[in-house]
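Structure first, commentary second.
The values are calculated or read from the model by the stated rules, or taken from the named source; none is laboratory data. Note that the structure is predicted; figures quoted are calculated from it, not measured. Cβ atoms come from the backbone with ideal geometry, glycine included; neighbour counts cover every protein chain shown.
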Amino acid sequence: MVLDHTTNLLYLACSRVSARPYWLSSVGNLNSSGRATDDYIGVYDIATSKITRLEVAPYLNSDRGLSLHGMDVVRSSLDSTQLFFYIVNHRVPLVGLAEEVGADSSIEVFSLQDGSTVLQHITTFEDPIISTPNDVIGTTDGKSFWFTNDHSSKTGLMRHLELPLDLYSTTVGFCHLENGCKIAAPKLPGANGIAKSPHNETIYVSSAQSGGIRAFERQSDNTLQLLDFITTDYIPVDNLSIDSNGALWGAGFPQGIALFKRVRDLTTNVPSRAIRITSATETSERKYNSEKVFEDDGFIINGATSVVYHVPTKQLFLNGMILNFSDGLCHQLMSRT
């Protein structure tokens, strides 16, 4: 879920919740026979409450479909009326069984003109470095991005040991259209959400394994140097966003184990939390303040994985890959004032 602050439009990667127990590679659900085949990008206009479904213009290999996960929406630095969409796509593999080889994940780049409802495909990034992509942040030229790999491997025993043993085995990668892909930050615990400050070269990466958010500084070669660790009191954190005031927001899981149960059993309730991180005052011993702004036991907001705050209207939007309501964008679009 990404907010374009220029137009006050909220963009969401949408899929059928009923398909998640079958096809959700981030948690090892690799039964491609139950995969949703009608994933789409939805748009919610905060000012009018209008909901729009974006279409995708045909492109090379578009018949492989879109199985959406994390994404970023960035306004072009060369054309202020153009948006770039960087989208994690967990495709069914062309060779081998998905249960054995994992998803054939890629990152797709699209463009969209203001006022249009049709996404135009620019390119597909495929690389061994893009192994288990979860979330992505793109640049304003449509040519490069950073992304998180949320596991060390697509399948196998090791990925199942990462959480109980708290292994530092996940990564942040960087890809450029002309220069290929590389590891930008290695040896991270459960790398998940990623966000970049609009004011400087700070990039934030959350941990859905042991909690906390790491602040990195972008280097001249686009690798990342660790600056700070922001505690979230051991609460695992999923996707990140930054509001127009510069505050960092994260979706937290007070009961992380419940989320893993729900991705296989949709009757499970998962408590949700919205966390806000701001710069501390000069007199504080900490560099950052982390505060719980919203929490629900899962009976209203069931397992939110994304949180976005709209400053002008003071609305907090929560959405998630396993939320399931009968109406609304992506079957679930909740706001709290």
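Of the numbered conditions (1) in contact with a helix residue (DSSP H, G or I) (Cβ under 8 Å, 6 or more places away or on another chain); (2) on the phi > 0 side of the Ramachandran plot, R91 satisfies every one except a single condition; which is it?
Condition not satisfied by R91: (2).
Can you name the strands (runs of 3 or more DSSP E) wholly within region 221-329 that have at least 2 residues being charged (D, E, K, R)? First the steps, then the outcome.
Details: elements: 224-230, 237-242, 248-252, 272-279, 288-296, 306-310, 315-319.
Where strands (runs of 3 or more DSSP E) fall fully within region 221-329 and carry at least 2 residues being charged (D, E, K, R), they are 272-279, 288-296.
Just checking, how many residues over region 185-211 are among the hydroxyl-bearing types (S, T, Y) and buried (at least 20 other Cβ atoms within 10 Å of the Cβ)?
Going through region 185-211 one residue at a time, the tally reaches 3.
Among the candidates R214, R218, which residue alone is surrounded by 20 or more Cβ atoms within 10 Å (Cβ to Cβ) and either over 17 Å from the mean Cα position of the chain (by Cα) or in contact (Cβ under 8 Å) with a residue 24 or more places away in the chain (or both)?
After ruling out the rest, the residue left standing is R214.
For region 217-275, what are the residues that are aliphatic (A, V, I, L, M) and under 15 Å from L316 (Cβ atoms)?
Answer for region 217-275, where residues must be aliphatic (A, V, I, L, M) and under 15 Å from L316 (Cβ atoms): L240, I242, A247, L248, A251, A274, I275.
Specify the residue that is nearest to N239 (Cα to Cα); the eligible residues are those in region 134-157 that are small (G, A, S) and buried (at least 19 other Cβ atoms within 10 Å of the Cβ).
The selected residue is G138.
Per-residue answers, yes or no, for (1) within 18 Å of the chain's Cα centre (by Cα); (2) among the basic types (K, R):
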{"position": "W23", "(1), (2)": "yes, no"}
{"position": "N31", "(1), (2)": "no, no"}
{"position": "R35", "(1), (2)": "no, yes"}
{"position": "N61", "(1), (2)": "no, no"}
{"position": "L66", "(1), (2)": "yes, no"}
{"position": "M71", "(1), (2)": "yes, no"}
{"position": "R75", "(1), (2)": "yes, yes"}
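Among the residues of region 259-303, write down those that are aliphatic (A, V, I, L, M) and either at pLDDT below 90 or surrounded by fewer than 18 Cβ atoms within 10 Å (Cβ to Cβ) (or both). Show your work before the answer.
Taking region 259-303 as the starting set, the residues that turn out to be aliphatic (A, V, I, L, M) are 259, 263, 266, 270, 274-275, 277, 280, 293, 300-301.
L259, V263, L266, V270, A280, V293, I300, I301 - these are the residues of region 259-303 that are aliphatic (A, V, I, L, M) and either at pLDDT below 90 or surrounded by fewer than 18 Cβ atoms within 10 Å (Cβ to Cβ) (or both).
Check region 40-48 and report whether any residue there is free of Cβ contacts under 8 Å to residues at least 12 places away in the same chain and either among the β-branched types (V, I, T) or part of a loop (DSSP other than H, G, I, E, B) (or both).
yes
Determine the pairs where a residue that is among the charged types (D, E, K, R), located within region 242-262, has a partner that is at pLDDT 95 or above with Cβ atoms under 7 Å apart, the partner being 6 or more residues away or on another chain.
Here the result reads D243/W249; D243/Y309; D243/V311, each pair linking region 242-262 to a residue that is at pLDDT 95 or above.
Where residues in region 158-184 are hydroxyl-bearing (S, T, Y), surrounded by 21 or more Cβ atoms within 10 Å (Cβ to Cβ) and touching a strand residue (DSSP E or B) at 6+ places or on another chain (Cβ under 6 Å), which of them is farthest from D127 (Cα to Cα)?
Per the stated criteria, the residue is T170.
Tell me, yes or no, whether region 25-33 has at least one residue that is in a helix (DSSP H, G or I), touching a helix residue (DSSP H, G or I) at 6+ places or on another chain (Cβ under 7 Å), within 30 Å of L157 (Cβ to Cβ) and of a type in the set (S, T, Y).
Yes, region 25-33 contains a residue that is in a helix (DSSP H, G or I), touching a helix residue (DSSP H, G or I) at 6+ places or on another chain (Cβ under 7 Å), within 30 Å of L157 (Cβ to Cβ) and of a type in the set (S, T, Y).
Could you check how many residues of region 304-314 are closer than 24 Å to F260 by Cα and exposed (fewer than 12 other Cβ atoms within 10 Å of the Cβ)? First the steps, then the outcome.
Going residue by residue through region 304-314, those that are closer than 24 Å to F260 by Cα are 304-308.
Imposing the further condition that a residue be exposed (fewer than 12 other Cβ atoms within 10 Å of the Cβ) reduces the set to none.
Summing the residues that are closer than 24 Å to F260 by Cα and exposed (fewer than 12 other Cβ atoms within 10 Å of the Cβ) in region 304-314 gives 0.
Looking only at residues in region 223-245 that are out of contact with any Gly (no Cβ under 8 Å at 6 or more places or on another chain) and surrounded by fewer than 16 Cβ atoms within 10 Å (Cβ to Cβ), which one is farthest from G180 (Cα to Cα)?
Taking the candidates together, the pick is N245.
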